[in-house]
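Down below is the structure, laid out as C-alpha cells.
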C-alpha cells in the first residue's frame, strides 16, 4: 500500500524552465520531498549490469499526472467506504481472475470498477468457487506489487494536489459526535426522570411533611378461646370434643365482621364515624364529605381500621386510626365490644339446640315414669292390695300350717283306728277336725285363684301389679339415661362457649403515628420509579418491534 503524504495544497506557475522539463531550484527540494513521500517502497537495488540508462531513470521532483491523482482520489474514496478484509480479498481474487495486476486491495476494487465489474456481485463471487459453472480459465501467476518507473511528461498539472483527509481528525469528530449525542440523551433522560419521578416524589414528600393531618393509631390484641371441659374428655363425652379449627374459624369470622360495612354502620351510629372524619381540620385527601355515602365512608373505614389474624398463634391484631387519640381509643373499645357480642352469639344456637333436645327427652321420660307410678297406685287402690307378694306369702304360710295340722289329725285318726275297739267319739272328733282343716285349706287356695263371686283373684291382682311395676322400672331406667344425656349436653354446651381474652388493651397514644413522612416519601419514589421503568421498557420494545 502507498503511504499518503500529508502536505498542504500548492500550485506551481508554468515558466520557461518548467517547459523544458526542469524545475526551478526553489521548488525542486519541495517537489522531491513530496515525490519521495508519495512514491511506493523502492525495490532492492539492481546490480551494475541491470542499472538503467539515464533515459529510463525516474525524474526526481516531478509531480504526479492527473491520472495518478485521480487514481489516488478513487482509492481514498474506496477507503472511506469501510470495506471489510474479506471483501478486499475477494476483490483481489476477482481482479486476478480477470487478468488485472493491482498494486493493492483497494487498487483491485478501483480497477474492477473501472472495467465495469462489480467485485461484490453474487455471480462474481460464485465464479471464484472451485467447480461451480464452467471450467475456469488458467489463472495467471500472482503478480506482486512492483515498482514501476514511468516517464513524466514535462508539463505540470494545472489542478492542485488533493491530500486525503486526516483520519485522526475524522475519528475525533466521530468521538465528539458520540459524546454529544450521549450528553443529549442523558439530559433528556434526566429531564424525563425529573418530570415523572423526582417532581411527583417531591410533591408527595411535601404533602406528607406539611399538608397531611397527623393521625393517632390505637393498637390492641385479643384472642378467642374455647372453654375446656375435662369431664367430657373420657367416655361418651369424648365424642363431643371439638378441634382447634372451630376457634380458627371463629377468629376469621370476627376479623371479617370487624372489617365489614355492618361494623362501620354500627360504629357510625354509636360513635359518629362519619362526623369525625368530616371535620374541616382534616386535610382534603383524608377528609370525608359531609353528605358522603356509605361507600365513601367504607373506603375511609377500610383504610383506618386494620385487623390482622395470625393463624400460628391465633391472635387477632387490630389497629384503629383517628384524628385524635381519645377518639381512636373509643373506636377501638367499641369494635372490641362488637367482637365480644359476636363471639357470644356464634355458638348460642348450637348450645340451645343441644340443650333443647336433651331437656325434651328428659321431660318425656320423667312424665312416663309418673304415669307408670299412677297406674300401680290405681291398681293397688282398686284391688285393695298393698303388696300382692306379701299377701301371697302370708296365705301360703297359713295353708302350710293348716296342712301340717291336717297331716297330724290324719295320723291320729289312723292311730285310733289301729285299736281293736277304738273310741268312736274320739274317732268322730278327729274326723271332724280333718274335714274342717281340709275345707279351710280349700278356701285359702280358692282365694288365691279365680272364684265364682266375680271378684279378682289374688293371682290376677298380683299379675297386674307386676306388669305395672315392670313398666315403672323401665321408665325409671329411661329417665336415668335421659338425665345422663342432659348432663352431657350441658357439659358440651358449656364447652362450646367462646369468650374473648384481651392480650393488649387499647391505650390512647400521646404522639401522632401517621403520616410517616420519610418512609412514605421513599415508597412514593419507588412506585414512581417502577412505573417509569415499566413504561420506558414497554416503549422501547414497541419502538423496536415497529422499526423491525
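Derivation of every value follows stated rules applied to the coordinates shown; laboratory data play no part. It should be emphasised that the depicted structure is a prediction, and the values quoted were computed from it without experimental measurement. Note that each Cβ is placed from the backbone with ideal geometry, even for glycine, and that neighbours are counted across all protein chains shown.
Report the FRET efficiency, 1/(1 + (r/R0)^6), for residue 265 and residue 317, where r is their Cβ-Cβ distance and R0 is 30 Å, rounded to 0.05. Write down the numbers at each step before the final one.
Working: r = 23 Å, r/R0 = 0.78.
For R0 = 30 Å, the calculated efficiency reads 0.80.
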For labels at residue 445 and residue 191 in the simple 7 Å Cα→Cβ model, what's the distance in nm? 13.9
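By per-residue mean of other Cβ atoms within 10 Å, what is the highest-first order of 214-224, 499-509? Please list the in-between numbers first.
Working: 214-224: 19.2, 499-509: 14.1.
Descending packing order for the listed peptides: 214-224, 499-509.
Got a sec? How would 428, 92, 436 order by Cβ neighbour count within 10 Å, fewest to most? Spell out each step's value before the answer.
Details: 428 11, 92 21, 436 14.
If I rank by nearby Cβ atoms, fewest first, I get 428, 436, 92.
Please work out the FRET efficiency for the pair residue 431 and residue 466, using the Cβ-Cβ distance as r and a Förster radius of 51 Å; give the result to the nearest 0.05.
On the way: r = 41 Å, r/R0 = 0.81.
The computed FRET efficiency comes out at 0.80.
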Which FRET efficiency, nearest 0.05, do residue 256 and residue 487 yield, Cβ-Cβ r, R0 45 Å? 0.80
